[in-house]
């Protein structure tokens, strides 16, 4: 089977000075160090049977996938942050940190893993709740008695949510580190698009492709705003407290439906007219992605190729408990 017809729908995530790609059997992050070297974090994918079962249930699979990707993504983001911090350290600071890490090795283990996982899940939930409720309070404060029908309040709430989202993304994109993060996000999309087109992955070939992609998480965020307005309009409320509780209870439903609609629009992206269903998400990516440099594309290609290489090995031999030759600690790499 040719690469172009391969059924695997690869996805990824931009990290600090690098890119993570997820395969069937392994997740790989490649990071460009200050020295110019590219280092890797390679983590075999381990998934419980009950999680795989939940991933097959429509609506519920979206929420499971989002939480799972948030937990796993935090590990790779932390790796890139540690590598970035290490590059900014003096030799003396690096040796001091190594000594502290060695003294604390006995304390690391299951507790640390549970702590990181819990923190990732908590930050995911808190972020979604805040993004859901802040527009409710703002709309209630500014337009409490402005409209007779609640559907107009829902539309206004959605508009406020969209404005806050766009303003937030624009402001953080002005910071140098986030701008580079968005460039790596663009590099990730370009590599996936080039691969799906059957191109040889070279910086020159990859740069020809768009930095926008239908399966991006940015598209999901936009869909939650639109789908949220539609779902909220099916219900009524009599007080602010009831409205808040309603939004919290419906949040998993909004996320589940948005996930399914994202899959639907991606499946139709090559169908004339219907492909436009995914355009709102692509428009948002104009903010969350930037045009990458050739050097950034090289990092994205390195991550993708290493992921594909390990995936092929594990497909034949089975994924090991640990990945040989992986640099798991940037301080030791």
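Bear in mind these aren't lab numbers, they're just calculated from the coordinates by the rules spelled out. Keep in mind it's a predicted model, so treat the numbers as computed, not measured.
Expressed as a whole number of Å, what is the distance separating the alpha-carbon centroids of the stretch 172-229 and the stretch 6-53?
The stretch 6-53 and the stretch 172-229 have Cα centres separated by 15 Å.
Stretched out fully, how many nm does the piece from residue 9 to residue 234 gain, at 0.36 nm a residue minus the Cα gap?
That pair, residue 9 and residue 234, stretches by 77.6 nm at full extension.
Quote the Stokes-Einstein diffusion coefficient, in whole µm² s⁻¹, for the stretch 3-317, based on the Kirkwood radius over alpha carbon pairs, a temperature of 4 °C and a viscosity of 1.567 mPa s.
Translational D for this selection: 61 µm²/s.
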